[in-house]
Structures are given as structure tokens and as C-alpha cells.
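Bear in mind that the values in this text are calculations on the coordinates, not laboratory data. Here the structure is a predicted model, which means the values were calculated and not measured. Virtual Cβ from ideal backbone geometry, glycine too; neighbours counted across all protein chains shown.
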Amino acid sequence: MSDALGLYNYWIAIFLMMVGFYNVIASGNLVKKLIGLSIFQTSVFLLYITMGKVKDGTAPILGDGYDTFSNPLPHVLILTAIVVGIATTAVGLALVVRIQEHFGTIEEDELIAQEDSP
Amino acid sequence: MIHVVDMTLLAFLALVAIAITRMTNLFATSVLTGVYSLLMACIFTVLDAVDVAFTEAAVGAGISTVLFLATLSLTTQREKPQRSPNWKALCVALLTGGALVYGTFDMPHFGDPQAPVHQHVGPHYIGVSPTQIGVPNMVTSVLASYRGYDTLGETAVIFTACMAVLLLLQHEKRRDEQSAVEEKPDKEAMEHAMILRVQSKFFIPLILLFGLYVQFHGDFGPGGGFQAGVIFAAGIILYSLVNGLDKARQIIPPNVLHGLVAFGLLLYAGTGLASLFMDGNFLQYRALAEEATHGEHIGILLIELGVGVTVATVMTSMFFSFSGRRRS
Amino acid sequence: MDLIVYYASWALLSCGAFLCAVGGLGILRLPDFYSRQHAAGITDTLGSAFVLIGLMLQSGFSLNAAKLVMILIFLILTSPVATHAIAQAARQSGLEPKVVAEEDEA
């Protein structure tokens, strides 16, 4: 039981990771795939930040009366990761716009059909 | 008590993720993604990651939703509904999930202070940061000074993404014949948006001021270059949404915008080079002034400014590119 | 005095939570888009106002209370405009409100 309480955060992070993964591989629409990718990314952030929390700690900002801080290192890594994630999502969305303009569709099976037919 | 709040929010998050998977209306899915990001920001606050929560709320619930909606306005609104769930993909996802859950049984429990991640480097930074750098926000001191090289790389990544989006979306097709037609509908749209215009006149200066506050207050509380850049961009995007893209382009010419994108990155790398010329290593800020902590403060100020300028202008020019594209 | 402030803040927080729950229930159960906007409006204004005032009472006279006052002012100023924008966008796209057939005027 204490296992479940202590590991609940990781299990939810894995659940979200698999939901995002399922969206990426099972969805036919390109925008939905990108949304699934973004869910996957945020679940990894959740995993890291959960590992960084210290019991009875506080945010890693020096202040009077606080002496136990949560680990600032995962926070720094995830700050970088969030911004890089939005940058790559923006490039992905720009590609989707160009695909729509060129092929007229963003559904995966229609794209494959258009490419296969000469 | 924190456990109950934490577990409830995570359960909501799982439900929202399932809802995103099941919906076929892509506009609704984009809004749900914004809700998901806001819930994630709440969870980060509960887990003491205030800087990360700030960034996630600004980036995930703000910029990301705007970019998704801009893409959807240029493509399609509805996803083709799947006849039945994809069983093979579901099996693969369940197997991978099962393997990962099996792996979590060796992990340290939530909040354990003896976990391996809290030995060695973390306590070392917490111990030396007050004396070596003297900035209260330890995330800023690690981000800007101890791991400043990584942040330079990250700024370069944002810069490259902006270049990619500009290359893909910059040249709008059939711009000349469109501009003559667009005059009239714009006037009607403006009258409908009167309440929004008055409201935004009140709020946009406050948003920009808040962005500046977050930029320079990042040393003492949650904040810093990334969050400030995104908030600044949000103010400009609000102006552009309410008053039209042409007016926003008149106020901030695209040439100036592109120049500022490069300027921010140059400022960051330039600070590193300056410390190289002043008898230190690359990005060793203590060489920038007589006293070490003074030099660190100057260095952190300059590079956060560079990051803020780059992020603000990158987000703005990406939005201009998306919304300047005419629907074919 | 402290005890009164403590209980008052808890009463306000519970009222705010109850109103947010009622707003959520309204969004689910009301039949029409425009009536659902009313339910969302409850959450935005009175629900969040009660929660914020309850928190202000708990934090006393400090910088935190000043920040909460500013958050409250901004929320009250922006949420009606947001509701207006959504309703106007729906109207412009052609969404008609659901009209129930009128009863005979006796």
C-alpha cells in the first residue's frame, strides 16, 4: 500500500506517456499526432519534477526560515525541455500547414494513397 | 495533505488525457490541451517547482494553444473518426506501459530525501550558490551560471526553430490581390470587436509591464528570461488578434523583429566572449567585474536579457508567420 | 479575533468551492450553449472571488494579500470580456439560441 502511495506519481506519468504514445502511433491526423507528442513530453516533465521533490521541502528560493529545499537541478532541465518542446512543436505545425497546402489533406492514409498513386 | 491534492490533480490529468484521445473535434482538443497544461502547472506548483509551473502555464496554456488554433484555422477542424480503436497500437502501448511500471518498483518513493538524485550535485549547488553567486532564486543561478552553457544551446535551438518556421511559412501566396479585398471585412470585424479593443487597451500595457517585471525579478522569485519573453509575446499577440495583423506589423516591423531574434542570441554569446577577453573562461561571469559575485550578477542580468529578447521575438514572429498565411 | 478570521476564511473558501462545483454542474447539464455561458460565468466571478477573499483573510495584511487583490481585480475585469468574446463569436458563426415553444398567453 505504501508502495502505491509512493509510486502513484510515476504510474500516472507512465499512463500519460502511454496515452501520448498511443495518440502518436494510432491516430491518422497529423495535428492529433503532434498533440499526442506534446502529451508525451509533458509526462516526462512530470516524471522529472516528481523525482526532484523533497519531503517537507520548499521551492528552491532562499528565504528566511526555510532550510530544506527541493532539488533545483531537475527544475533547470525541465525549464529547458519545455521551451525546446514548444519550439519543435511549432516547426511541426508549420510543416503540417505546408503539407495541407500541397496535398490538400492531413490524414495519414489519404497522404499515403496520394503518394502511392502515380 | 499534499498527497491528496497531488493525487486528485493527477487523476484529473489522466482523465483529460483520455478525453483528448477520444475527441475528434480538433478545436476542442486544442482547448483541452490548454486545460491539460494548466493542470500540469498546478501540479508543478504543488511539487515545489514554481519556475517550471510558471513556464508551463505561459508556454503550454498560452503560446501552444495559439499556435495549434492558428494551424487548425489553416487546415481542417475535424479528425477523420476511426471506425474502431487500433488494437495493435493499444497492445504495444499496454506492453510498454507494463514494462515501465515493472521498472518503477525499484525507484525511490515520492519525496524521499535519501534518493540518489538528492546526493552529490543538488546539495552542492544549494550549498555554494548563496556565497558564490548570491542570487536568492537557485534555479536562476543554476540555469544562468552553473549550467549556462546548456541555456546557450537552448537559446540557439529556439533561434533555429524560428528560422525553420520563417523558411516554411514566410512567403504568403497571392498577397497583393488579397490586400485589396481584405479592407472592408476588416472594418466590420473591428466594430464587432469594440469591447475587446477597449479592454485590450487597458490590459496590454499591464501585460508588457508584467513581462518586464518577471524578467528582472527572476533573480529573487520565480521568473526569468523564458517566462518574461513568453508573457511579452502574449501581449503583442493579444494586440494583433484584436486589431488585425497589418496594424501589428506596422508597430513591429518584421525586419526589426528578425534583427532582435539574432540580437538576443548574440548578446548571450557576446557575454561569454566578453568574459573570455577579460581573462576568464567562456561564460565565466566572475571575470566581468572586480568582485566575483558582482560579476556573476552582471553576467546573469545580461544573459537573461538576451534570452528574454530572443524568446519574445521568436514567439511573436512565429505567430506572425502562422497568421499571415492565407488559407489556400 | 484570530479565530473569527480563521472561520470566516474557511466559510468563504467552502462557499467558493461550492459555487465552482455548481458552475461545473451547470456547464454539463444546461441544454444550450448560451445558458452554459451563464454557468461558466458563475465560476469566473463569484466562485473565484470568494476563494481569493478567503485566501486574503488567511494571509493577513502582507504583500501576498496585495498580490491577491490584484489577481482579483484582473480576474473580474477580464472574465466578462472573455465570456462576451465567446458568445459573440458563437453568434457571428450563426449559432442560434434554443427557443422553447411559447405557451398560450392566458
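With the Cα gyration tensor of segment B:120-328 in hand, convert its eigenvalues to equivalent ellipsoid semi-axes via √(5λ) and list them largest first in whole Å. If you can, show how the numbers build up before the last one.
Details: eigenvalues 312, 73, 31 Å².
Those come to 40, 19, 12 Å.
Do any trypsin sites (Lys or Arg not before Pro) in segment B:72-138 lie in a loop, going by DSSP, with at most 10 other beta-carbon atoms within 10 Å of their beta carbon, and if so which? Numbers along the way, then the final one.
Working: sites: B:R78, B:R83, B:K88; in loops: B:R83.
The qualifying sites are B:R83.
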Using a simple spin-label model with points 7 Å from Cα along the Cα→Cβ vector, what separation in nm is obtained for C:Y7 and C:E96? 5.5 nm
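Using only atoms on other chains, find how many Cβ atoms lie within 10 Å of each Cβ of peptide B:65-77 and report the average.
On the way: counts 0, 0, 7, 7, 0, 3, 13, 4, 1, 6, 12, 8, 0.
Counting other chains' Cβ atoms within 10 Å and averaging over B:65-77 gives 5.
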Kindly identify the protein assembly as shown as rounded, prolate or oblate by the Cα gyration tensor criterion: order the square roots of the eigenvalues as a ≥ b ≥ c, call it rounded if a/c is under 1.5, otherwise compare a/b with b/c, prolate if a/b is larger, else oblate. rounded
State which helices in chain B qualify, where a helix is a whole DSSP H run, it must extend 18 Å or more along its own axis by its Cα atoms, and its mean Kyte-Doolittle hydropathy must be at least -1.0. B:2-22, B:26-46, B:87-104, B:148-169, B:194-216, B:225-243, B:254-277, B:292-323
Taking Cα atoms, the helix C:63-93 axis meets the longest principal axis of chain C at an angle in degrees (rounded to 10) of 10 degrees
Assigning unit charges at the beta carbon (Lys, Arg +1; Asp, Glu -1) and nothing else, what dipole magnitude in debye, to the nearest 20, does segment B:257-328 show about its Cα centre? 780 debye
Roughly how far apart, in whole Å, are the Cα centres of segment A:21-41 and segment B:81-102? 13 Å
Per residue of B:138-144, other chain Cβ atoms within 10 Å number on average 6
Packing-based exposure ordering (other Cβ within 10 Å, fewest first) of B:M107, C:M70: C:M70, B:M107
For a quick check of your reading of the filter: which chymotrypsin sites (Phe, Trp or Tyr not before Pro) in segment B:27-108 sit in a DSSP loop and have no more than 14 other Cβ atoms within 10 Å? B:F105
Picking from B:G97, B:G306, B:G259, which is most flexible by a Gaussian network model of chain B using Cα springs under 10 Å? B:G97
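Under the rule of -39500 (n - 2.57) per DSSP H run of 4 or more residues, summed and divided by the residues of chain B, what mean residue ellipticity at 222 nm is obtained, to the nearest 500 deg cm²/dmol?
On the way: 14 runs with 240 residues, N = 328.
The per-residue figure over chain B is -24500 deg cm²/dmol.
Compute, for the protein assembly as shown, the length of the dipole vector about the Cα centre, with Cβ point charges of +1 (Lys, Arg) and -1 (Asp, Glu) only. Units Debye, rounded to 20.
Numbers: 29 positive and 43 negative charges, 159 e Å.
The calculated dipole for the protein assembly as shown is roughly 760 debye.
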Tally Lys and Arg at +1 and Asp and Glu at -1 over the other residues with C-beta under 15 Å from the C-beta of B:R286: what net charge comes out? -4
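Apply the a/c threshold of 1.5 to the C-alpha gyration tensor of segment A:1-114 and tell me whether it is rounded, prolate or oblate. Don't jump to the answer; show the numbers that get you there.
Numbers: a/c = 6.23, a/b = 2.11, b/c = 2.96.
Because a/c hits 1.5 or more and a/b fails to exceed b/c, segment A:1-114 counts as oblate.
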Ranked by GNM mean-square fluctuation in chain B (Cα springs under 10 Å), the top entry among B:I126, B:I207, B:I300 is B:I126
Averaged over A:37-50, number of beta-carbon atoms from partner chains that fall within 10 Å: 5
Determine Rg/Rh for segment B:1-117; Rg is computed over alpha-carbon atoms and Rh is the Kirkwood hydrodynamic estimate from the same atoms. 1.04
Pairs A:K55/C:K67; A:K33/B:K80; A:K32/B:K80: which are spaced more than 22 Å apart, C-alpha to C-alpha? A:K55/C:K67
May I ask for the net charge around B:G225, where only other residues with Cβ less than 13 Å from the Cβ of B:G225 are counted and Lys, Arg are +1 while Asp, Glu are -1? -4
FRET efficiency for C:I71 and A:I25, Cβ-Cβ distance as r, R0 = 41 Å, nearest 0.05? 0.50
Can you grab the distance from the C-alpha centre of segment B:28-74 to the C-alpha centre of segment C:8-87, Å, no decimals? 20 Å
What does the C-alpha gyration tensor say about the overall shape of chain C? Classify as rounded when a/c is under 1.5, otherwise prolate if a/b is larger than b/c, or oblate. prolate
How far is helix C:2-29 tilted, in degrees, relative to the longest principal axis of the Cα atoms in chain C, given as a value from 0 to 90 rounded to the nearest 10? 20 degrees
Might you report the magnitude of the Cβ-based charge dipole of chain A about its Cα centre, with Lys and Arg at +1 and Asp and Glu at -1, to the nearest 20 debye? 320 debye
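Identify the chymotrypsin sites (Phe, Trp or Tyr not before Pro) of segment A:1-69 meeting these criteria: DSSP loop state and at most 14 other C-beta atoms within 10 Å of the C-beta. Don't skip to the end; give the middle numbers.
On the way: sites: A:Y8, A:Y10, A:W11, A:F15, A:F21, A:Y22, A:F40, A:F45, A:Y48, A:Y66, A:F69; in loops: A:Y66.
Those that pass, being in a loop and sparsely packed, are A:Y66.
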